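Everything on this sheet refers to the single structure shown next.
A short reminder: the numbers here are calculations on the coordinates, not readings from a lab. Just so you know, these numbers come straight off a predicted model, no measurement behind them. Reconstructed Cβ throughout: ideal geometry from the backbone, glycine too, with neighbour counts over all protein chains shown.
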Amino acid sequence: MSGWIVERGIGETRAALVEGEEIVEARIMLDGVVEAGARVEARLLATGRNAVAKAADGAEYLLPRGAPGLSEGAATIIEVTRSAIPGAEPWKRPLARIAGDNPCPEELTGRPGTLPAAWDDLVEEARGGVVSFAGGELRIAATPAMTLIDVDGHLDAAALGIAGAGEAARAIRRLDIGGSIGIDLPTARDKSARHAAAAAIDAHLPPPFERTAVNGFGFVQIVRPRRRASLVELAQDRANFEARTLLRRIGAEPPGPKRIVAHPALIALLKARPDWRDALAAQIGGTVGLRADPALGISGGYGERP
């Protein structure tokens, strides 16, 4: 099995590029979020270097390239270049530009289907920010400025730096991490080891991207296109992320009525989303009830027979 698989879920659409049973690239697209590449009718609220446009649905878009030739209040067509980033910084506007003759839609062609079991491992990586590999592990943290990846382990510094650089590049692709990324590798005094670590990044991370050399302290910075929230960023919006994950898991269980037992934060969210509950009821062919259990962790929900 290889190629892109697209799985339509409740509240989100999941897609994975699969080679064998391994997921090498993935993304989650949230319902109601205008994706990068979409063209939207809007009206300019402000001009200048960082222009602002407002769409008919009320969403505001920041235009970093400005709106040359247009005045405040003008109607225009904008093209979304980065979708809204949910979670810790809801105030951040999505990005756009004045639409031109050469649109840059992001085509995702794949067959509908069910994602492999490796998707659950990927969700755990996004949730915990920890990626294990032979001899070490990555710890991934998304900050407002950049995504940071720390490499640690028990191999010698040169070997760990080379292995960790390759694993970090694979994780960046797998977890759909874009924008500015910093990788902190073990300090290697040997320049050839630093060159080999940089080569490992180039071998596992497809273009387009730019990177610095690995400096003497083991730090390397990567910049790649950021067109939507990474899986790590989506996981920071814990209640929504865990609710959608739980609905996917219950939807895959044997059909029939279910009661969702979960952390109170998830139950409160699901009470406010009758459309999600109705979608699950249609999927399992039975009613959906809710029961809060404060003893459960945020990711410890399950479905039970009523």
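If you compute Rg/Rh (Cα atoms, Kirkwood Rh) for the structure shown, which of [x] 1.10; [y] 0.95; [z] 1.01 do you land on? Comparing each candidate, only [z] matches the computed number.
Taking other Cβ atoms within 10 Å as a rough exposure proxy, 230, 299, 2 sort from fewest to most as 2, 299, 230. Rounded to the nearest 500, the 222 nm mean residue ellipticity of the chain from helices alone is -8500 deg cm²/dmol, with -39,500 (n - 2.57) taken per DSSP H run of at least 4 residues.
Taking each residue as 0.36 nm, the span from residue 252 to residue 154 lengthens on full extension beyond its C-alpha to C-alpha distance by 31.4 nm. Only Lys, Arg, Asp and Glu carry charge here, each on its Cβ (+1 for the first two, -1 for the last two); on that basis region 237-304 has a dipole of about 40 debye about its Cα centre. Here the calculated FRET efficiency for residue 180 and residue 202, from their Cβ-Cβ distance with R0 = 30 Å, stands at 0.95, rounded to the nearest 0.05.
Dipole of the chain computed with +1 at Lys/Arg Cβ and -1 at Asp/Glu Cβ about the Cα centre; of 132, 63, 153, farthest Cα towards the positive end is 63. Positive-end ranking of 209, 282, 164 along the dipole of the chain, with charges on Cβ about the Cα centre, is headed by 282.
Put a dot 7 Å past the Cα of residue 191, heading toward its Cβ, do the same for residue 139, and the two dots end up 3.2 nm apart. By the beta-carbon count within 10 Å of each Cβ, the least crowded to most crowded order of 92, 258, fewest first, is 92, 258. Checking the cross-link filter: which aspartates and glutamates have an alpha carbon closer than 16 Å to that of residue 191, excluding same-chain neighbours under 8 positions apart? Cross-link targets: 156.
The longest part of the chain holding none of the exposed loop chymotrypsin sites (Phe, Trp or Tyr not before Pro), meaning those outside H, G, I, E and B in DSSP with at most 12 other Cβ atoms within 10 Å, is 92-216. For region 138-215, the set of trypsin sites (Lys or Arg not before Pro) satisfying both a DSSP loop assignment and a count of at most 12 other C-beta atoms within 10 Å is given as 189. Rounded to the nearest whole Hz, the Karplus-based 3J(HN,Hα) values (6.51 cos²θ - 1.76 cosθ + 1.60, θ = phi - 60°) of region 290-301 follow the sequence 9, 8, 7, 9, x, 6, 7, x, 4, 9, x, x, with x at glycine and proline. How about region 44-87: which trypsin sites (Lys or Arg not before Pro) there lie in a loop by DSSP and see at most 14 other Cβ atoms within 10 Å? Qualifying residues, ordered by number: 49, 65.
At an R0 of 51 angstrom, the distance between the Cβ atoms of residue 305 and residue 221 translates into a FRET efficiency of 0.50.
Summarising the amide proton neighbourhood of residue 179: residues at separation of 5 or more, or on other chains, whose placed amide H is nearer than 5 Å comprise 224, 226. Shown here for region 17-73: GluC sites (Glu not before Pro) in loop regions (DSSP other than H, G, I, E, B) with at most 16 other Cβ atoms within 10 Å, namely 21, 72. Taking every DSSP beta bridge that has both residues in region 39-98, what percent is antiparallel when rounded to the nearest 5? Rounded to the nearest five, the antiparallel share is 95 percent. Dipole magnitude for the chain: computed about the Cα centre from +1 point charges on Lys and Arg Cβ and -1 point charges on Asp and Glu Cβ, it is near 660 debye.
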